[in-house]
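In what follows, a structure is listed as structure tokens, so that the remarks can point back to it.
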Amino acid sequence: MAPILHFDEAIPFVVPLNGRFRGVTEREGVLLRIGRNWGEWAPFTEYDDEIAARWLRAAFEAASGDWPMPVRDSVEVNAIIPAVDAQQAATLAENAVVLDGCRVVKVKVAESGQEFSDDVARIAAVRSALDEVGAESAVIRIDVNGRWTLDQALDRIAVLNDLAGGLEYVEQPCRTLDEMAELKSRLPVRLAVDEGLRLAASLDDEVVALIRDAADVMILKAIPLGGVRACLDIVARVGLPVTVSGSMDTSVGLAASLALATALPDEPLACGLGTGRLLAKDLTEETLTPERGRLSFMRLTPDPICLADARVALPADRVAWWNDRLMRVRNLLEESLSS
């Protein structure tokens, strides 16, 4: 039987980052081509096949050209500051305003191996840098990646909220939705759910109710959640305000998140799509970066030379690993679509 999910070409790749982010210094994945369109499949290596299948579904959606029509031309974008030292954080915050025109800055905290004092110094440095370049009205949001206990979150959010001059929101402060619901009932700062939604086994009515109790904002990542249309279904079901974020994508993959952000029925909050600044090299000739704090929707194709370089840079054993994973996960996705 012919495969349900056909593609014309699959090219494993690796691109370096400008620094360590999410514990890695480079990004591996596979580009899929169907006709003239491309989709990016780059689930993190620690994710199991079932989670990776959601990412693959999004890649096929993109490569099939199956995105809804946009309802807006562009969206506001936040800058992103990794868990770097205070001096680096200040420089990145200044560049976010001066070079990219951003007025919302997302700062990573609770990095493994660091202390809370590092977070304090980073937030203080970012706030000071924003004020010094005349962006006193710029707001800070933080991302905890679920690494705080409830008690830690209560204490630490209060400190960082004061340093930031008022946090816009705190993304995934605790691991579970139940913990976040308790935190939300005891804290005046808005909370955003990411992993609690993205890694949920299903989105039944009970989970939807838990998300509404736990969060004020949903973080939607088009590729990890199965594609643009899957995310639009989530928006319709849950009904919370939305921030669209990328998933450490190249510019080819980032276009899927832009497709979602520009297709949402309501204007999203400043989107986490300024991640092009994390890339030392890209698969396109020019990397998607904000202009005057905004990004416009476009469907991107890889530059042949950039893609060839990224393919050659991936060691042979990693090429084989990605090809094997792709075939295995494609079979799993085909089974789920056929059932």
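Things worth noting here:
- Complete set of residues in the stretch 299-330 that are free of Cβ contacts under 8 Å to residues at least 60 places away in the same chain and surrounded by 13 or more Cβ atoms within 10 Å (Cβ to Cβ): 303, 306, 308, 309, 321
- Test: residue in the stretch 27-47 that is of a type in the set (Gly, Ala, Ser), in a helix (DSSP H, G or I) and under 26 Å from residue 147 (Cα atoms): no
- The lone exception for residue 286 - which of (1) assigned by TED's automatic domain parsing to the domain that holds residue 21; (2) closer than 21 Å to residue 100 by Cβ it fails: (1)
- Of all residues in the stretch 289-300, those that are aliphatic (A, V, I, L, M) and assigned to a strand (DSSP E or B) total 1.
- Residue under evaluation residue 156, criteria (1) surrounded by fewer than 19 Cβ atoms within 10 Å (Cβ to Cβ); (2) in contact (Cβ under 8 Å) with a residue 40 or more places away in the chain; (3) not aromatic (Phe, Trp, Tyr), criterion not met: (1)
- Cβ separations smaller than 9 Å between residues 6+ apart or across chains give the following pairs from the stretch 65-79 residues that are closer than 30 Å to residue 99 by Cα to residues that are assigned to a loop (DSSP other than H, G, I, E, B) and acidic (Asp, Glu): 72/267; 75/267; 76/267; 77/100; 79/100.
- Checking 84, 71, 75 one by one, the residue that is assigned to a strand (DSSP E or B) and of a type in the set (Val, Ile, Thr) is 75 and no other.
- No other residue among 260, 240 is touching a residue at least 24 places away in the same chain (Cβ under 8 Å) and in contact with a Cys (Cβ under 7 Å, 6 or more places away or on another chain) apart from 260.
- Listed by position, the helices (runs of 4 or more DSSP H) enclosed by the stretch 110-208 include none that has at least 2 residues that are outside the structural domain of residue 80 (by TED's automatic domain parsing), over 24 Å from residue 271 (Cβ atoms) and modelled with pLDDT under 95.
- Of all positions in the stretch 72-81, none carries a residue that is crowded, with 16+ Cβ neighbours inside 10 Å and farther than 21 Å from residue 290 by Cβ.
Let's see how each residue does on (1) assigned to a helix (DSSP H, G or I); (2) within 21 Å of residue 63 (Cβ to Cβ); (3) touching a strand residue (DSSP E or B) at 6+ places or on another chain (Cβ under 7 Å):
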residue	(1), (2), (3)
260	yes, yes, yes
281	no, no, yes
284	no, yes, no
287	no, yes, yes
302	no, yes, yes
307	yes, yes, yes
311	yes, yes, yes
332	yes, yes, no
337	yes, yes, no
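- Test: residue in the stretch 52-65 that is under 23 Å from residue 174 (Cβ atoms) and part of a loop (DSSP other than H, G, I, E, B): no
- Qualifying residue in the stretch 172-179 (condition: of a type in the set (Ser, Thr, Tyr) and closer than 19 Å to residue 217 by Cα): yes
- In the set 120, 126, 139, 104, only one residue is touching a residue at least 60 places away in the same chain (Cβ under 8 Å) and more than 24 Å from residue 177 (Cβ to Cβ); that residue is 104.
- Output for the stretch 128-167, where each listed residue is basic (Lys, Arg) and within 19 Å of residue 272 (Cβ to Cβ): 141, 147
The values are calculated or read from the model by the stated rules, or taken from the named source; none is laboratory data. All figures in this text were calculated on a predicted structure; none of them were measured in a lab. Cβ coordinates were reconstructed from backbone atoms using ideal geometry, including for glycine residues, and neighbour counts include every protein chain displayed.
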